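Engineer: The structure follows.
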Amino acid sequence: MPLLRKLFFAFLILLMPLFVFGQKKPEPWPVPEEYKNMVNPVPKDEASIKEGQALYTKYCASCHGKTGLGDGVKSRALQTYSGDFSGPEYQNQTDGEHFYKTKFGRGEMPKYDGRLQDEDIWKIIHYMRTFKK
Ligand code: HEC
């Protein structure tokens with residue numbers, strides 16, 4: 001068997017546990033107090049929610065899914081479940097917690113500091129509140 005093919009099968013076998021056991025549940029993600037208690041400085045209105053939607057669709061939906069269920073096109077390739085934004089685990093967090101996690105990221109969650117302005121992150125957070133069931 002050619003070496004390349006051998007390597008390919010070795011690679012597949014190494015990846016097997018991922019397919020079998022699925023994604024990791026995220027570890028608790030502590031947020032510093034000063035962020036947790038931050039108040040969203042952007043007024044919540046039709047315009048800001050709409051802008052948040054456009055930004056979310058562009059930057060976040062590929063992993064988090066169109067309606068925040070964690071089922072975006074890239075989600076299957078993630079080793080960590082990106083969360084269900086419609087449920088209490090997410091919705092019971094403060095805007096400040098969402099802001100901190102989006103700004104600084106962790107592991108497979110990209111850091112948006114320097115890529116998105118703070119104001120835009122706050123607008124996305126307003127939009128993500130509409131996922132609540
Ligand atoms: C490349 C895939 C990917 C993209 C793109 C992405 N995320 Fe994430 N996100 C993740 C993953 C994976 C996690 C879970 C990380 C962890 O807990 O270690 C996560 C977690 C989060 C969390 C924490 C959820 C919770 O319940 O605590 C927030 C908030 C978040 N993302 C917001 C965003 C926003 C806003 C954007 C777009 C600006 C975005 N993400 C783009 C993959 C992504």
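Engineer: Scan region 71-92 and report the pairs whose first residue is among the aliphatic types (A, V, I, L, M) and whose second residue is near the ligand (Cβ under 9 Å from one of its atoms), with Cβ atoms within less than 6 Å and a gap of 6+ or a chain change.
Structural biologist: Val73/Ser62; Leu78/Glu108
Engineer: Give the residue that is nearest to Pro43 (Cα to Cα), with candidates limited to residues of region 105-133 that are outside any helix (DSSP H, G or I) and of a type in the set (A, V, I, L, M).
Structural biologist: Filtering region 105-133 for residues that are outside any helix (DSSP H, G or I) and of a type in the set (A, V, I, L, M), the one nearest to Pro43 (Cα to Cα) comes out as Leu116.
Engineer: Residues in region 111-119: is at least one among the hydrophobic types (A, V, I, L, M, F, W, C), in contact (Cβ under 8 Å) with a residue 12 or more places away in the chain and either under 20 Å from Leu69 (Cα atoms) or more than 8 Å from the ligand (Cβ to nearest atom) (or both)?
Structural biologist: No: zero hits.
Engineer: What are the residues in region 94-105 that are near the ligand (Cβ under 8 Å from one of its atoms) and either free of Cβ contacts under 8 Å to residues at least 40 places away in the same chain or exposed (fewer than 13 other Cβ atoms within 10 Å of the Cβ) (or both), if any?
Structural biologist: Result: His98, Thr102, Gly105.
Engineer: Also, quick follow-up: Working only within region 76-93, note down all residues that are loosely packed, with under 13 Cβ neighbours inside 10 Å and more than 16 Å from Gly65 (Cβ to Cβ).
Structural biologist: Gln79, Pro88, Asn92
Engineer: Restricting to region 49-73, name every residue that is within 9 Å of the ligand (Cβ to nearest atom), surrounded by 14 or more Cβ atoms within 10 Å (Cβ to Cβ) and farther than 13 Å from Ile124 by Cα.
Structural biologist: Cys63, Gly70, Gly72
Computed from the coordinates by the stated procedures, all read-outs in this text should not be read as laboratory data. Remember, predicted model here, so these are calculated numbers, not experimental data. Glycine gets a Cβ as well: all are built from the backbone with ideal geometry, and neighbour counts include every protein chain shown.
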